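Reviewing the structure listed below.
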Amino acid sequence: MPSTMRAALYHGPRDIRIDDVAVPIPAPGEVLVRVLRSGICGTDAGEWTTGPKVFPVHHRHPLSGHLGPIIPGHEFVGEIAEAAGDSDYRAGEIVASGAGIWCGACRRCFEGRPNKCVAYRTLGLNVHGGMAEYVAVPAKTLRRVPTGLAIDHAALAQPLAVGIHAARRAGTQARDRVVVIGAGAIGSFVLAGLRYLCDVDITVVDIAQARLDRAERLGADRTLIASDSLVGDIADVLDGHRPDVVIEASGAPGQLAAALAMVADGGRVEAVGIPERKPELDLHSMIFREITLETTLAHVCDTDLPAALRILAAEPQLGVEFAEPAVGLAELGPSLDRLSAGGVEGKILVDPAA
């Protein structure tokens, strides 16, 4: 085992430096993972352009207490390099990381909502993550990758788990009419989650025809180009009916208000996309129409991550649609620029050893 490794270190906006750092020493309950692929997402892009928002300004090393920059990367898959004798994992096994860490003892954990644990933290966001050759990971946050699942596709498991969790939170029932606003990565992963969980009728809305074409390949019943008359357009394509559930996955200005306006009385709206500005909502209408507004964040590792791996193994088209060819750590900055500028339709993957 080498004593040092290559890692990406976040120092501030547009300041990620590739450097040699010590290979982490796993704490009790952790295993050492050799990272094979690490993905980047919109949260990483936001930290790159205007952060730190989620990233700590300085990360304190749990053993040395040293304050320093954080290693990002919360969407990663790798190979077990070292495992303690009491671990269920063995060296050489391929695993996907859920990234979120929970205490297991607080009220939310006992409720089966560890993503809202009072001590919840995330690898690559709050503590060192997977944009490095090695990372120390709590064993309970890992799941084995099914045999035959391509590494590039397995690297999508964590963001897909987020989409599955959102689909669960939407509370759909069989034969519901569901509208998903936004056909980017998260909207597409919500679509995959809906298809996995329940037999529902799904309409996907976006401004880009290429994204809508992809949504149809992934199982949408119909698609619709977004317009200023979206509420009426939805009623037209649903034969005069209003949707039972609307999932707003774009975060674009005005779309949450549109979701609330189009949903059926007594229906449900779920906010998935994170808006840049605080939206204005018509609470008067929501109250008189008895509309339920739900939100969602992260995922539940014990249920959503295994489901994501099953979907990826059973539906290789999902991986084909999203996994881009891996780049090296040196390309992380330019890749974040591409993502920030809206020039990425799939998921950019990094191979830290390249």
Based on C-alpha coordinates, I'd like the Rg and Dmax of the chain, in Å. 20.5, 65
Total charge of the residues flanking P253 in space, meaning their Cβ is under 14 Å from its Cβ, with Lys and Arg +1 and Asp and Glu -1, is -2
Label the stretch 275-354 by shape, choosing from rounded, prolate and oblate, from the square roots a ≥ b ≥ c of the eigenvalues of the Cα gyration tensor; if a/c is under 1.5 it is rounded, and otherwise prolate applies when a/b is larger than b/c, oblate when it is not. oblate
Have a look at the DSSP beta bridges in the stretch 90-204 and tell me what percent are antiparallel, nearest 5. 50
Calculate, in whole percent, how much of the Cα-Cα pair population of the stretch 1-51 lies beyond 15 Å. 60
Counting only helical runs of four or more DSSP H residues, what would the 222 nm mean residue ellipticity of the chain come to if each run contributes -39,500 (n - 2.57) and the total is spread over all its residues? -8500 deg cm²/dmol
Long-range amide H partners of E93 with built H, under 5 Å: I80
Relative contact order for the chain, counting Cα pairs under 8 Å that sit 6 or more residues apart, in percent: 19
DSSP bridge pairs, the chain: antiparallel proportion in percent, nearest 5: 60
State, as an integer percentage, the relative contact order of the stretch 108-196 based on alpha-carbon contacts under 8 Å between residues 6 or more apart. 22
Net charge near G267, counting Lys/Arg +1 and Asp/Glu -1 over other residues with Cβ under 12 Å of its Cβ? -2
Solvent-accessible area, 1.4 Å probe, carbon plus sulfur percent, for the chain: 52
So what's the angle, to the nearest 10 degrees on a 0 to 90 scale, between helix 185-197 and the longest Cα principal axis of the chain? 80
Can you spot the lysines whose alpha carbon is less than 21 Å from K278's alpha carbon? Ignore those fewer than 8 places along the same chain. K53
Taking a ≥ b ≥ c as the square roots of the Cα gyration tensor eigenvalues, with a/c under 1.5 meaning rounded and otherwise prolate when a/b beats b/c, else oblate, which class fits the stretch 114-167? oblate
Whether the stretch 1-134 is rounded, prolate or oblate, judged on the alpha carbon gyration tensor where a/c under 1.5 counts as rounded: oblate
Between V327 and residues 5 or more places away or on another chain, which pairs have amide H atoms under 5 Å apart, with H built 1.01 Å from N, and which residues are they? L349, V350, D351
Using a probe radius of 1.4 Å on heavy atoms only, what accessible surface per residue do you get for the chain? Whole Å² is fine. 45
Given a 1.4 Å probe and the protein chains all in place, what does the accessible area of M5 round to, in Å² to the nearest 10? 10
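The values are calculated or read from the model by the stated rules, or taken from the named source; none is laboratory data. Computed from a predicted structure; not experimentally measured. All Cβ positions, glycine included, derive from the backbone under ideal geometry; neighbour counts span all protein chains shown. All accessible areas refer to the heavy atoms of the entire protein, side chains included, with ligands and DNA or RNA removed. Shrake-Rupley method; radii C 1.70, N 1.55, O 1.52, S 1.80 Å.
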